Amino acid sequence: MKNIIRTLKLVIPIAPLRMTIYLLLSLPGAILPAVLLYLQRKIVDRAADFGLGLPLSYYMGPVLFLIGTYMIQKMFELVSRQYMEFGYFRYVFLGLDAKIHQKSAKISLEHYDSAQYFLTVEKAKQASMFLVFTANLAIMSLVLIFNLISVGGYLVSLHPLLILFVVMVSVPVILEKRKGAGYQSRLMQDLAQAGRRKSYALGLLSTAGSKKELAHHGASCYVAERYLAACREADEKEGSHIRKMGGIGLIFAGIRSLFHSLSVFLMVWLLVTGRITIGGFSVLLASFAALTGSFTQLFDHAGEILQTNIMSASFFELMDLEVTDGRKKMEPGGEVARLEHVSYRYPNEQSYALKDISLSIQKGERIAIVGENGAGKTTLAKLLSGFLLPSEGVMELGGVERSQLEENSIYEQISAVYQEFGRYKLTLAQNVYLGDTTKEMDHEKISHALEWAGILLGNHPQELLLGREFGGTELSGGQWQRLALARSHYRQRPILFLDEPTAAIDPLEEMAIYQRLHDLAQDRTVVLVTHRLGAVRGADKILVLNQGSITEAGSFEELMEQRGYFYHIWNEQAKWYREG
């Protein structure tokens with residue numbers, strides 16, 4: 001119930017005027033059925049007077065009014081349906097998408113290191129559809145309530161005892177739907193785990209990467225059996241549910257028969273005793289099915305709202321993610337970063353990725369971070385760039401404690417090339433412009449950045465579309481990485497982060513790229529993460545990581561003189577080139 005209220009509070013303000021128009025277009029469909037019943041009674045009662053010599057208009061007037069009212073009702077129903085789809089709900093969908101993106105923009109980038117976060121966003125996008133359904137069902141339920149009030153009110157105006165008629169029609173429907181909704185809710189909960197296992201196994205069997213590996217290992221049949229087992233489990237639970245509902249249905253069929261018999265008895269008694277006319281009796285016969293249908297729809301909507309409420313929970317899971325952001329802005333100073341006994345552990349992990357890290361980076365320094373895979377190099381770079389917050393210890397950026405800084409003010413000081421760079425299916429110029437969209441696109445600056453990165457793909461980068469998906473040009477892995485370097489060149493910020501900036505570039509071109517990076521790094525603070533030790537000789541300080549700790553620190557010459565771990569891995573890498 002809580003999420004239903006939250007859904008309405010969220011959806012209604014997105015397009016309140018359009019929602020009001022939709023409701024007003026729907027209301028005639030709720031009120032006009034009572035008018036149709038009134039005209040039907042008039043037609044039957046006047047037909048009973050046939051032969052009294054009254055003019056034809058006396059008999060035909062209500063008929064013509066009924067036809068006109070019916071046409072007006074159908075016209076409003078058609079217009080309201082069209083407006084619902086094209087004039088209202090599309091705007092709600094867009095509004096909910098905007099809220100997802102607004103929330104994502106506020107979420108700390110620390111969440112972006114978790115696969116669970118991306119799953120939460122994906123589920124929130126899917127759940128937004130159910131929020132729209134909930135709002136639509138709420139409006140339709142409101143319209144049905146107006147319909148029941150108008151029809152019920154008209155019947156009571158014929159005779160006060162007909163309030164019993166309305167009650168006897170509604171009670172069996174209410175009891176049956178309430179019981180059915182409880183069973184349906186429990187079924188959905190029982191099927192949730194089996195449904196997830198079905199989806200997961202089906203994804204493994206239909207996704208290119210996993211399917212290829214499963215086929216190679218001959219494991220496709222094993223996974224297919226897991227899928228079929230989940231299907232059998234779901235079928236068994238549904239079968240049990242259907243059998244239970246069948247038994248309950250028989251019981252309620254008897255209850256309905258009893259109440260309907262009482263309703264018919266009341267109708268006949270009112271007619272025989274002259275308390276209603278033959279026209280009123282015909283109205284009761286017509287309204288019997290109408291009231292039953294309206295009550296059934298109303299409780300169907302209530303059950304569907306409960307179901308969509310469950311489905312929409314993922315949307316609020318994203319909305320409820322805690323947003324932690326400071327209020328101070330990072331200003332470049334003499335000390336870019338200072339860490340004191342900092343440790344970091346990724347969410348849901350038992351071991352620490354970094355342990356007891358203490359260091360200081362001064363403005364203009366060139367820092368290299370080296371170590372084996374899994375040593376914690378990238379994690380340390382993410383901490384220094386403000387991407388992550390320490391699990392323990394104190395970290396200051398620009399002289400301000402990290403938790404007190406606005407994330408955007410940190411990123412505004414940084415230009416970066418990460419190992420996992422983006423491959424954007426946009427034009428070549430737009431790919432570079434993504435490096436700094438806070439200003440107007442500078443085509444001359446873009447051309448200079450592309451030339452600096454060694455990307456020579458024609459003279460019209462603003463027209464060259466990249467990516468085969470949209471009929472554009474596909475780049476090699478090395479070209480995409482050089483394009484990421486061009487973005488960093490275009491951005492021009494005082495702090496430069498480079499995480500394996502030449503990982504996808506041919507070794508013959510690597511030194512030329514590093515020379516370009518050397519030029520780019522002039523008068524900047526540089527943090528370089530790499531496992532290629534030849535690139536670190538010009539660093540002011542080399543930090544050697546091993547199993548999450550800094551084991552050595554110093555210049556290249558100092559570390560070589562120490563003959564420690566760095567000296568060992570330097571000589572191990574050098575062997576490959578000497579022995580080759």
**Request:** Arrange the peptides 246-254, 78-86, 7-15 so that the one whose residues have, on average, the most other Cβ atoms within 10 Å appears first.
**Result:** 7-15, 78-86, 246-254
**Message:** Give the aspartates and glutamates reachable from LYS329 as a straight Cα distance under 15 Å; neighbours fewer than 8 places away on the same chain don't count.
**Reply:** GLU396, GLU401, GLU406, GLU407, GLU412
**Item:** Computed over the chain: relative contact order in percent, which uses C-alpha pairs under 8 Å that are six or more apart
**Value:** 15
**Size of charge dipole - region 234-377 - debye, nearest 20, with Cβ of Lys, Arg +1 and Asp, Glu -1, no other charges** = 400
**Complete:** Note on region 422-492: contact order normalised by length, alpha-carbon pairs under 8 Å, 6 or more apart, percent, works out to 47
**Asked** Which GluC sites (Glu not before Pro) in region 380-472 pass both tests, a DSSP loop state and at most 16 other beta-carbon atoms within 10 Å?
**Response** GLU406, GLU412, GLU420, GLU440, GLU463
**Message:** Among THR379, THR502, MET140, which residue has its Cα furthest toward the positive end of the charge dipole of the chain, with +1 on Lys/Arg Cβ and -1 on Asp/Glu Cβ?
**Reply:** MET140
**Prompt:** Residues with amide H under 5 Å of GLY393's amide H, sequence separation 5 or more or different chain, H placed in the peptide plane at 1.01 Å from N; which?
**Reply:** SER343
**Complete:** Rounded to the nearest 5, the percent of DSSP beta bridges in the chain running antiparallel is 50
**Asked** Order of 342-348, 453-459 by packing, highest average Cβ count within 10 Å first?
**Response** 342-348, 453-459
**Prompt:** Out of region 299-349, which GluC sites (Glu not before Pro) are coil in DSSP terms and have no more than 12 other C-beta atoms within 10 Å?
**Reply:** GLU322, GLU349
**Using a Förster distance of 56 Å, the FRET efficiency for PHE118-VAL167 (Cβ separation, nearest 0.05)** = 0.60
**Message:** Can you give me the distance in nm between label points at LEU271 and THR296, each placed 7 Å from the Cα along the Cα-to-Cβ direction?
**Reply:** 2.2
**Message:** Going Cα to Cα from LYS179, which aspartates and glutamates come in below 20 Å? Please leave out same-chain ones fewer than 8 positions away.
**Reply:** ASP190, GLU238, ASP300, GLU304
**Request:** Could you tell me which of rounded, prolate or oblate describes the chain, using a ≥ b ≥ c as the square roots of the eigenvalues of the alpha-carbon gyration tensor, with rounded for a/c under 1.5 and, failing that, prolate when a/b is larger than b/c and oblate otherwise?
**Result:** prolate
**Message:** Restricting to DSSP H runs of at least four residues, report the calculated mean residue ellipticity at 222 nm for the chain, -39500 (n - 2.57) per run over all residues, nearest 500 deg cm²/dmol.
**Reply:** -21500 deg cm²/dmol
**Prompt:** Projected onto the charge dipole of region 422-492 (+1 at Lys/Arg Cβ, -1 at Asp/Glu Cβ, origin at the Cα centre), which of THR427, LEU456, LEU483 gives the Cα projection farthest towards the positive end?
**Reply:** LEU483
**Prompt:** By a straight-distance test (C-alpha under 25 Å), which lysines pair with LYS198 as possible cross-link partners, with residues fewer than eight away in the same chain excluded?
**Reply:** LYS123, LYS125, LYS211, LYS212, LYS237, LYS244
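Bear in mind that the values in this text are calculations on the coordinates, not laboratory data. Keep in mind the model is a prediction, meaning the values are calculated, not measured. Cβ sites come from the backbone with ideal geometry, for glycine too, and all protein chains shown count toward neighbours.
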